[in-house]
Amino acid sequence: MNKEDKIYIAGHRGMVGSAIVRLLEKQGYTNILTKTSKELDLRNQAQVASFFEVEKPDYVFLAAAKVGGIHANNTYRAEFLYDNLMIESNIIHQAYVNESKKLLFLGSSCIYPKMAAQPIHEDSLLTGPLEYTNEPYAIAKIAGIKLCETYRDQYGVDFISAMPTNLYGPNDNYDLNNSHVLPALLRKFHTAKVNNSATVEVWGSGSPLREFLHVDDLAEACFFLMENYNDGQTMNVGYGEDITIKDLALTIKEIVGFEGELVFDSTKPDGTPRKLMSSERIHSLGWSPKIDLKTGISSVYAAVEKSDWL
């Protein structure tokens, strides 16, 4: 990418999209194209077609998606499937029609089978049943991967896919009904500390293992892949280590300074027992994460502790 190339960030207000914008601006890119959902409904085929016809971006980072945690995924199943299918289909097709030089589609680790062998390699895709609670979202993301693959095969376009692990960082979602586990726990512990509560409830048994990557590390990986990767196979992007939900809760408890007890609600779903992705391929190309989990969570909490995020 040249500094003057027109680069469209779909989903620039989200956690991932905003991290990519920050990185590109830091790197000196001056022609970054963004649109809010009010300005451009990415689910609307005609609006997306008109936008691409007028702007003709050279490069596209497809970070726009309807996202949420276990509760949101399992409650709004039709919305998660429909909205994500429409967003990715419209953007990928118009990037092809309007001859964008390259597109990077961002998926999710939930595309892999619930009981995939650990750590999960890229060739585990479509080898077994998905986790039910987020199956619609996963199916939509798999469709996005296959769109990139088939458009690449049929039309020769340079469309690539990256599958990040669980993310956290600036511009995360702290809504307890719709957020992922890490920001939800951060909010719960902070609220309990402020209210001098005796306990904090953690959903599930605390035994599932999860991997977490700071979104600034993901942005670096996306930039790296856009510059250096031109293959059709999807690329995992992870930290390389996992942690139990119980240990994650204890880490957040320490960072926040909450002195009460943990209570695990086993009536709530655990989701996939373990989800650690193999990131050997991207590591072998020269990218690796820089932000360890405790440092990353500490920086996030320092930024939001005195804000109006509650």
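The values are calculated or read from the model by the stated rules, or taken from the named source; none is laboratory data. Being a predicted model, the structure only gives us computed values, none of them experimental. Cβ atoms come from the backbone with ideal geometry, glycine included; neighbour counts cover every protein chain shown.
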Looking for whichever is buried (at least 16 other Cβ atoms within 10 Å of the Cβ) and modelled with pLDDT of 95 or more here; the options are Ser50, Ser109, Ser124. Which one fits? Ser124
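Here is a yes/no grid of residues against (1) under 13 Å from the mean Cα position of the chain (by Cα); (2) more than 30 Å from Ile255 (Cα to Cα); (3) not aliphatic (A, V, I, L, M):
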site	(1), (2), (3)
Ile145	no, yes, no
Ser161	yes, yes, yes
Asn177	no, no, yes
Arg187	no, no, yes
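Quickly run through region 12-31 and pick out the residues that are hydrophobic (A, V, I, L, M, F, W, C) and surrounded by fewer than 18 Cβ atoms within 10 Å (Cβ to Cβ). Don't jump to the end; show me each part of the working.
Applying the first criterion (hydrophobic (A, V, I, L, M, F, W, C)) to region 12-31 yields 15-16, 19-21, 23-24.
The answer is Leu23, and nothing else.
Would you check which residues across region 143-172 are out of contact with any strand residue (DSSP E or B) (no Cβ under 7 Å at 6 or more places or on another chain), of a type outside the set (A, V, I, L, M, F, W, C) and crowded, with 19+ Cβ neighbours inside 10 Å and list them? So that I can check it myself, show each step before the final result.
To start, the set of residues in region 143-172 that are out of contact with any strand residue (DSSP E or B) (no Cβ under 7 Å at 6 or more places or on another chain) comprises 143, 146-147, 149-150, 153-157, 170-172.
Then keep just the ones that are of a type outside the set (A, V, I, L, M, F, W, C); that gives 146, 149-150, 153-156, 170-172.
Asp172, the sole residue that qualifies.
Taking region 195-213, which residues are over 28 Å from Ile120 (Cβ atoms) and in contact (Cβ under 8 Å) with a residue 60 or more places away in the chain?
Ser197, Ala198, Thr199, Val200, Glu201
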So Phe224 passes all but one of these: (1) out of contact with any Phe, Trp or Tyr (no Cβ under 8 Å at 6 or more places or on another chain); (2) farther than 17 Å from Pro119 by Cβ. Which condition number does it fail? (1)
Within region 86-106, take every residue that is surrounded by fewer than 20 Cβ atoms within 10 Å (Cβ to Cβ) and of a type in the set (A, V, I, L, M) and give me the one that is nearest to Glu280 (Cα to Cα). Met86
Inspect all residues belonging to region 153-166 and state whether any of them is at pLDDT 95 or above, of a type in the set (Phe, Trp, Tyr) and either farther than 20 Å from His12 by Cβ or in a helix (DSSP H, G or I) (or both). yes
